Amino acid sequence: MLDGGSGARGFGRFLRESGDTSDVDILLSHTHLDHICGLPFFAPLFDKRRRCRFWGGHTMPEAGIRDALMRSWQAPLMPDMDRAFRATLAFTDFTPGETLVPHPGLEVRTVLLRHPGNAVGYRAEWGGASVCYITDTEHPAAGPDPALVRFAGGTDVLIYDASYTAEEYATRIGWGHSTWEAAAELADAANVRQLVLFHHEPSHDDEAMDAIAAAIAKRRPGSIVSSEGMVLTVAR
């Protein structure tokens, strides 16, 4: 599971209703509230049969992921959620650039992103297929970030922070987010199979998102705009 925003509630309900009791690994890009606000409502955390493991690298070496999450689960932000959780919890800190193996056969590479307070991008590889999750990052003025071009090289799916249009970005430099135009440039440079635009600007209404969807489909055919509840199957 990548991050724990509002979608965590629906995903947790799906797992509960399916009867699945597998371990859950939650790979966090960072702990800004929009990426962790769904965790207190994630059903597996209340299931004593489960183990839920949290992974984080954006706080190292100054602090750990456990401390960052605990602060968000306690007063005055929330009741003491740690006492309410029934699953067995584990917390693992890593340094961006390390490769993680949360499950046999599942390799997860990591990279440091350009975001205030830091953030981490992930590349998950399983069964010959790969998915890159690069959220909350700002593209360099000179063009695609060479580190991300290498990181995403040849991936099947690139899920990328495309919060703004290039015009909007001009007044938001330094905020730690990117554009759909920069996403297309990165996808081209990295020879990405499919680009998925993600982390939309909240003020964009359906009309604005439809315009971006049409523009990216024309600029890079096969690219799509993510939407709530979307399911993509990635296989080789």
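Numbers at a glance
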item	result
Single residue of A90, A142 found to be among the aliphatic types (A, V, I, L, M) and over 26 Å from L45 (Cα atoms)	A142
The range 104-114: number of residues that are surrounded by fewer than 13 Cβ atoms within 10 Å (Cβ to Cβ) and touching a residue at least 12 places away in the same chain (Cβ under 8 Å)	1
Within the range 45-73, considering residues that are charged (D, E, K, R) and either under 17 Å from A87 (Cβ atoms) or outside the structural domain of D23 (by TED's automatic domain parsing) (or both), the one surrounded by the fewest Cβ atoms within 10 Å (Cβ to Cβ)	K48
Lone qualifier among E185, E181, E228, E167 - being free of Cβ contacts under 8 Å to residues at least 12 places away in the same chain and in the same structural domain as F151 (by TED's automatic domain parsing)	E167
Selection within the range 27-79 - free of Cβ contacts under 8 Å to residues at least 24 places away in the same chain and not polar (S, T, N, Q)	E62, A63, D67, M70, R71, A75, P76, L77, P79
Condition broken by D156, with the remaining ones in (1) touching an Asp or Glu at 6+ places or on another chain (Cβ under 9 Å); (2) surrounded by fewer than 23 Cβ atoms within 10 Å (Cβ to Cβ) satisfied	(1)
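The values are calculated or read from the model by the stated rules, or taken from the named source; none is laboratory data. Note that this is a predicted model, so its numbers are computed, not measured. Please note: Cβ atoms are built from the backbone with ideal geometry, for glycine as well, and neighbour counts cover all protein chains shown.
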